[in-house]
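Each remark here refers to the structure printed beneath this line.
The values are calculated or read from the model by the stated rules, or taken from the named source; none is laboratory data. Nothing here was measured: the structure is a model prediction, and the numbers come from that model. Here the Cβ positions follow ideal geometry from the backbone for every residue, glycine too, while neighbour counts run over all protein chains shown. Each accessible area value is taken on the protein alone, full model and side chains, heavy atoms only, with ligands, DNA and RNA left out. Shrake-Rupley method; radii C 1.70, N 1.55, O 1.52, S 1.80 Å.
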Amino acid sequence: KNNPGSMLFPGDPVDVAAYLNGVTIKGKPVETIRLGPGLSTEINHDTVVCKSAGDIIYKPSNKFWLKTPNHVRYIPRLGDLVIGRVVTKTGDYLKVDIGTPHPAILNFDGGFEAATRRNRPNLVVGSLLLGRVTQASRYREAELVCVDTNGKAGGLGEIPKSVMVFKLPIPQCWELQRPDCPLLTLLGKHLSFEIVIGANGWFGIDSEDVSLTLAIRNAIQSGAIDEDQVKQLAKQFKKQQ
């Protein structure tokens with residue numbers, strides 16, 4: 001069963017039977033379900049799948065729909081990895097633009113691995129960083145840290161200046177963050193690059209060639225590229241080296 005509040009992505013199946021287990025209409029098992037926005041059935045009509053990203057909403061006895069998040073304004077979720085830009089620096093904390101109405105707060109104390117009052121990351125206004133959301137509330141600013149749950153940097157922190165950062169619709173960034181993302185799997189099979197992805201609609205790419213970085217960006221933003229096209233890109237940039 002899909003856990004309430006767990007994010008589903010385009011193509012993900014919905015375990016409808018789990019919701020309907022033991023549910024009856026006028027004393028009879030549910031035979032027909034009603035699908036609302038964001039859901040559809042596959043050709044065999046045996047499987048319900050998502051058409052976009054969101055949370056499953058079930059209304060007894062047989063109604064299902066997909067609640068999609070705000071695609072324009074990022075809404076922080078606890079544990080999200082986000083890319084942000086430092087907009088204010090004070091003695092004890094940073095304010096970081098992560099696409100929310102108000103900047104997120106990142107305290108130096110506990111926000112970075114091994115940071116002390118005399119030993120702090122050399123971040124300035126305009127610096128880009130990858131952080132983790134530790135406080136998400138509609139009533140106050142989001143809070144970030146640049147350490148994992150073990151207190152280690154774990155790849156979080158300032159993003160190198162060689163990384164070019166771009167924007168993407170938020171649901172597409174969520175799709176890219178999946179470990180089994182087909183698009184990134186295909187690109188990584190033939191091209192050499194590094195990528196950092198934020199749940200807030202920003203992603204960054206680093207490669208040995210700016211033109212290759214831009215080509216990968218175009219492929220990701222379009223979301224439509226096949227293996228032959230990726231092989232052609234790989235051949236093109238191999239010749240340039």
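Out of all Cα-Cα pairs in the chain, roughly what percent, to the nearest whole number, are more than 33 Å apart? List each step's numbers first, then the result.
Working: 9482 of 28920 pairs.
Cα-Cα pairs in the chain separated by more than 33 Å: 33 percent.
Could you provide, to the nearest whole Å², the per residue accessible area of the chain with probe 1.4 Å?
Numbers: 14090 Å² over 241 residues.
Ligands and nucleic acids excluded, the result is 58 Å² per residue.
Using the Cα centre as the reference, give the magnitude of the dipole from point charges on the C-beta atoms of segment 103-241 (Lys, Arg: +1; Asp, Glu: -1; all else neutral), rounded to the nearest 20 debye. Kindly include the intermediate steps, with their values, before the conclusion.
Details: 16 positive and 15 negative charges, 50 e Å.
With only Lys, Arg, Asp and Glu charged at Cβ, the dipole is about 240 debye.
Could you go through segment 56-61 in sequence order and give the Karplus-derived ³J(HN,Hα) for each residue, using 6.51 cos²θ - 1.76 cosθ + 1.60 with θ = phi - 60°, rounded to whole Hz, and x for Gly and Pro?
Here the 3J(HN,Hα) series is 6, 10, 10, 10, x, 9 Hz.
On the accessible surface of the chain, probed at 1.4 Å, how many percent belong to carbon and sulfur atoms?
Numbers: 7000 of 14090 Å².
The C+S portion of the solvent-accessible surface of the chain is 50 percent.
Which one of 41, 29, 96 is farthest out on the positive end of the charge dipole of the chain, using unit charges on Cβ (Lys, Arg +1; Asp, Glu -1) and the Cα centre as origin?
Working it through, the farthest residue towards the positive pole turns out to be 96.
Using only the Cα atoms, what convex hull volume per residue in Å³ does segment 122-241 have?
Values: hull volume 15.9 nm³, N = 120.
For segment 122-241, the hull spanned by Cα atoms encloses 132 Å³ per residue.
So, counting K/R as plus one and D/E as minus one, what does the shell of residues with Cβ under 15 Å around residue 62 add up to?
Working: positive: 26, 28, 34, 59, 63; negative: 15, 31.
Counting the neighbours of residue 62, the net charge comes to +3.
Can you tell me which of 132, 178, 77 moves the most in a GNM of the chain? Springs connect C-alpha atoms under 10 Å apart.
Looking only at 132, 178, 77, the largest GNM fluctuation is found for 178.
Computed from the mean reciprocal separation of all distinct C-alpha pairs, what Kirkwood hydrodynamic radius does segment 95-134 have, in Å? Show your work: numbers first, answer last.
Working: mean 1/r = 0.0884 Å⁻¹.
Kirkwood radius, segment 95-134: 11.3 Å.
Under a Cβ-only charge scheme (Lys and Arg +1, Asp and Glu -1), can you give me the dipole magnitude of the chain about the Cα centre, in debye to the nearest 20? Working shown, then result.
On the way: 29 positive and 24 negative charges, 117 e Å.
That gives the chain a dipole magnitude of about 560 debye.
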